[in-house]
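The values are calculated or read from the model by the stated rules, or taken from the named source; none is laboratory data. In this text, all values refer to a predicted model and were calculated from it rather than measured experimentally. As a convention, Cβ positions derive from the backbone with ideal geometry for all residues, glycine included, and neighbour counts pool all protein chains shown. Heads up: the accessible areas ignore ligands, DNA and RNA and are worked out on the full protein's heavy atoms, side chains in. Shrake-Rupley method; radii C 1.70, N 1.55, O 1.52, S 1.80 Å.
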Amino acid sequence: MTPTEPLVRASAGQSAVRPPLPVKLVIAGGFGVGKTTAVGSISEIEPLTTEAAITEVAAGVDDLSHTPRKTTTTVAMDFGCITIDPTLKLYLFGTPGQERFGFMWDDIVEGAVGGLVIVDTRRLDDCYAAVDYFEHKQIPFAVAVNAFDGQVAHTLEDVRWALDVSDGVPLLVFDARERGSVRDALLVVLEQALARSER
């Protein structure tokens, strides 16, 4: 039997359901780009979030000009999961977006097969650290441009040029609020991870 077959032999003449293969993916990006929203949109369980209120001190550090209604921020990680089919279950870990929480990334990313970097085209520089991290660690990733208010400020070609990512890195537009859109973006990351494992 192959690892992806849903049944395993329990005893002669009987079979048992094989639990789905657990796969870890990381959702990263800058402050306020939609990481927590994406995890919450698709998770089949109540997501675990570590949201804290944005204090006056934090507001002086974090740029809220493009997210004026944002009142909380992730200070550790987000966690959720989604069963893709009977053979595969994704465990999603969202990183904190602020550079001051960067020391946590190695622990969060350990064991992940791939990453999704979420981008707000109004402030592309906020995602440079995430792109650099995945490139440096040689972890397969895709870049998802979050369509805030249904719009993006730059074309995908301009985003690729600005981020200086190779043609091998998928770029797509998605809506972090839409379950199907998040699912499609995660499937792109899975395809990247699978392609890397077959090399």
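Provide the solvent-accessible area of THR95, counting protein heavy atoms only and rolling a 1.4 Å probe, rounded to the nearest 10 Å².
Accessible area, nearest 10 Å²: 0 Å².
Can you pull the percent of Cα pairs in the range 121-168 with separation above 12 Å? Working shown, then result.
Numbers: 723 of 1128 pairs.
Summing the P(r) of the range 121-168 above 12 Å gives 64 percent of all pairs.
Just to be sure I understand the model, the point goes 7 Å from the Cα along the line to the Cβ. What's the resulting TYR91 to ASP107 distance in nm?
1.5
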